[in-house]
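The structure under discussion appears below in the form of structure tokens.
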Amino acid sequence: MNDAADVPVLIVDDQAAFRSAARTVVSLLAGFAVAAEAENGEQALEVAPTLGPALVLMDINLGGLTGIEATRRLTTDHPDLVVVLMSTYTEADLPADARQCGAAAYLHKEDLAPDVLRDLWVERHPVGS
């Protein structure tokens, strides 16, 4: 990881308790900072263009615009954006469209941890590239 500015993270989840937990995980990861939070897909689409997050932690099940559709729209408009879909589904139980929405990865919410996020980020942004 380089010493440049923090990687801005957008957390999208309809549950305040999970947003708080995700905020804590991001705060424990050097080089990353929560830029904003959104409660639904519509809010994510509104804030993303002005905040310019590099990483989005996106819940799949959101009221209104689903996390899958919000991911599809965000990654279409911002191809370099890394979106990690999250849910309590097992990977085998993911909706079929979750695999084709442009998300970089899927993460079970119980597996959200600083080292996991760092590994996902580095996998897509190797040092020196």
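The values are calculated or read from the model by the stated rules, or taken from the named source; none is laboratory data. All figures in this text were calculated on a predicted structure; none of them were measured in a lab. In this analysis, Cβ positions are derived from the backbone assuming ideal geometry, glycine residues included, and neighbour counts consider all displayed protein chains.
The rows are residues; the columns are (1) in contact (Cβ under 8 Å) with a residue 24 or more places away in the chain; (2) over 12 Å from Val12 (Cβ atoms); (3) touching a Leu at 6+ places or on another chain (Cβ under 8 Å).
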position	(1), (2), (3)
Gly41	yes, no, yes
Ala44	yes, no, yes
Gly52	yes, yes, no
Gly67	yes, no, yes
Ala104	no, yes, yes
Leu120	yes, yes, yes
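Search region 88-102 for residues being part of a helix (DSSP H, G or I) and aliphatic (A, V, I, L, M), and hand back the single one that is nearest to Gln15 (Cα to Cα).
From region 88-102, those part of a helix (DSSP H, G or I) are 91-93, 96-100; that's our starting set.
Retained after the next criterion (residues that are aliphatic (A, V, I, L, M)): 92, 96, 98.
On the way: Ala92: 23, Ala96: 24, Ala98: 20 Å.
Per the criteria, the residue is Ala98.
Run Val56 past the list (1) within 11 Å of the chain's Cα centre (by Cα); (2) more than 15 Å from Trp121 (Cα to Cα); (3) not in a helix (DSSP H, G or I) and report the number of the one that doesn't hold.
Every listed condition holds for Val56 apart from (2).
If I ask for residues that are more than 15 Å from Ile11 (Cβ to Cβ) and either surrounded by fewer than 16 Cβ atoms within 10 Å (Cβ to Cβ) or in contact with a Pro (Cβ under 8 Å, 6 or more places away or on another chain) (or both), which ones from region 106-115 would you list?
His108, Glu110, Asp111, Asp115
Can you tell which of Leu85, Leu10, Leu74 is touching a residue at least 24 places away in the same chain (Cβ under 8 Å), surrounded by 19 or more Cβ atoms within 10 Å (Cβ to Cβ), in contact with a strand residue (DSSP E or B) (Cβ under 8 Å, 6 or more places away or on another chain) and not in a strand (DSSP E or B)?
Numbers: Leu85 fails: not in a strand (DSSP E or B); Leu10 fails: not in a strand (DSSP E or B).
Result of the check over Leu85, Leu10, Leu74: Leu74.
Can you spot a residue in region 24-38 that is buried (at least 16 other Cβ atoms within 10 Å of the Cβ), assigned to a helix (DSSP H, G or I) and either out of contact with any Asp or Glu (no Cβ under 7 Å at 6 or more places or on another chain) or small (Gly, Ala, Ser) (or both)?
Yes, there is a match, as at least one residue in region 24-38 is buried (at least 16 other Cβ atoms within 10 Å of the Cβ), assigned to a helix (DSSP H, G or I) and either out of contact with any Asp or Glu (no Cβ under 7 Å at 6 or more places or on another chain) or small (Gly, Ala, Ser) (or both).
Among Leu62, Leu117, which is the only one that is within 18 Å of Ser20 (Cα to Cα), modelled with pLDDT of 90 or more and either of a type in the set (Ser, Thr, Tyr) or not in a helix (DSSP H, G or I) (or both)?
Matching residue, one of Leu62, Leu117: Leu62.
Can you confirm whether Asp59 is touching an Asp or Glu at 6+ places or on another chain (Cβ under 8 Å), surrounded by 19 or more Cβ atoms within 10 Å (Cβ to Cβ) and among the charged types (D, E, K, R)?
Judged against the criteria, Asp59 is a match.
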